Amino acid sequence: MLQAPIYAHIIGWGMALPTKVMTNKEISAFVETDDDWIFARTGIKERRIANEEESTATLAYTAAQRALEVADILPLDLDLVIVATSTPENIFPSTASLVQDWLNAHDAGAFDLSAACSGFVYALNMAADSIRAGSIKTAMVIGSETMSRILDWQDRSTCILFGDGAGAVVLAASEHPGGVLSSVLRSDGAGSDLLAIPSVGSIDAEESRAGANGYKLYKMYMAGGEVFKFATRVVNESIEQASKMAGIAVGDIDLVIPHQANFRILQAAARKLGIEIDKFMSNVEQYGNTSAASIPIALCEAIDQRRIHDKDHIALVGFGGGLTWASMIIQWGIPKPSEQHGSLLNRQRRNALYQMARLRSKSRRWRRRVKNTINEIR
Ligand code: UT7
């Protein structure tokens, strides 16, 4: 008997932003820049900066809880947690494993995905493919960053651009046609010297320590002009490719949710695609560039602003370090963005599971220590 095709739909979404706002004026107090330059060249007015208690994992956790709330499912229903990030909590364990533990998603696999600012689209594609292949039913896909921790705050060409935040979606199997229709993932490692954060194991690490090549270990470096040219080339090209794969014309796209790097990049892409700039979602003014988090945050805000309707074709497009770029076409389906979710009983069960998760981890660690101590005494 022929099996009905499986589709992968977004059924929940959530975002988390630090409360601390840093304005352009505040940045101009410690590097030589000003609000007029930053706004005119990038469209950015302010960004959010994590406090001491906030991290890539805590922001991801809050965004994920909110996404579960909208989907109105339990963390136990998750089969997979992916966190796209360039600012992971650790090299390992993955930030996704921390989030999986805190959520009490104990039947889920978890891993981080590194594709810089394209990471969220890459991760969504991986989850959608796993769902459509039938190997999983439900995934939590998160983009989360604390860019403020890897910025060189003396470098005015990068420190003005970035901010912190997280966005998450729940992706689920459905027989309802639509959801993720197509994805185009690309990379050009020849551009790896244009945008980087040298880290443990980097062949540049020793030189980095000495500062010989201009890189600083664990600090971001970007050749902005080159990356700008690359971005304005690939955004429209990859949206065109993803549209073709989805069997739609570019003119059928109802809303583009692009990576929020620079408003001028969006203007150039809109011009080249022949799409009105109004069809590009942008919140770069308030949050700056939050790397892998920028697309899911913009998606959440587009839903809140009721810019997404049933059956709409949405284009996601990411671009950044690697170099990497990625586009995806989604046909919005279930549930309707205006629907209110969250039954009281399920909310209580989720909260109980979050409480139990903390206790479960603590007791497991405690039991391990006691066992080790007993073994040592023996
Ligand atoms: O998320 C990953 C993807 N990232 C991107 O897509 C970022 C792409 N790049 C960009 O958005 C832009 O290249 C920047 C916003 C980073 C820079 O804008 P630009 O128009 O390309 O400026 P520029 O680097 O060509 O610099 C122009 C001038 C230079 O001065 P001179 O050499 O002309 O005298 C810079 O030194 O502006 C100067 N400048 C600044 N002036 C005031 C550079 N940064 C600043 C600053 N404030 N913050």
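Below, the figures for the structure above:
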read-out: Inter-part distance where segment 28-49 and segment 147-161 are each reduced to a Cα centre, Å; value: 11 Å
read-out: Apportionment of accessible area to carbon and sulfur, the chain, percent (1.4 Å); value: 52 percent
read-out: Per-residue [θ]222 nm for the chain (sum of -39500 (n - 2.57) over DSSP H runs n ≥ 4, rounded to 500); value: -12000 deg cm²/dmol
read-out: Extension gain from Asp152 to Asp34, taking 0.36 nm per residue of separation minus the Cα-Cα distance; value: 40.7 nm
read-out: Cα-based Rg / Dmax (Å) for the chain; value: 20.9, 75
read-out: At most 11 other Cβ within 10 Å, DSSP loop - GluC sites (Glu not before Pro), segment 240-316; value: Glu276
read-out: Percent RCO, i.e. relative contact order, over the chain, from Cα pairs under 8 Å lying at least 6 residues apart; value: 24 percent
read-out: Projected-area mean, segment 1-95, by convex hull of Cα positions, square nanometres; value: 10.6 nm²
read-out: Table column - 3J(HN,Hα) (Hz), segment 55-63, Karplus curve with 6.51, -1.76, 1.60, x for Gly and Pro; value: 8, 4, 6, 5, 5, 4, 4, 5, 4
read-out: Theoretical gain in end-to-end length, Ile91 to Asp310 [0.36 nm per residue, Cα-Cα removed]; value: 74.9 nm
read-out: Entries of Lys137/Lys371; Lys137/Lys311; Lys20/Lys137; Lys229/Lys279; Lys20/Lys219 with Cα pairs more than 26 Å apart; value: Lys137/Lys371; Lys20/Lys137
read-out: Segment 91-120 versus segment 123-138: alpha-carbon centroid distance in Å; value: 15 Å
read-out: Neighbourhood charge, 10 Å Cβ-Cβ cut-off, centred on Ala105 and excluding it, Lys, Arg +1 and Asp, Glu -1; value: -4
read-out: 1.4 Å probe accessible area per residue over the chain, in Å²; value: 46 Å²
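The values are calculated or read from the model by the stated rules, or taken from the named source; none is laboratory data. In this text, all values refer to a predicted model and were calculated from it rather than measured experimentally. Methodologically, a virtual Cβ is constructed for each residue, glycine included, from the backbone with ideal geometry; neighbour enumeration extends over all protein chains shown. Just so you know, the surface numbers come from the protein's heavy atoms only, side chains and all, with ligands and any DNA or RNA stripped out. Shrake-Rupley method; radii C 1.70, N 1.55, O 1.52, S 1.80 Å.
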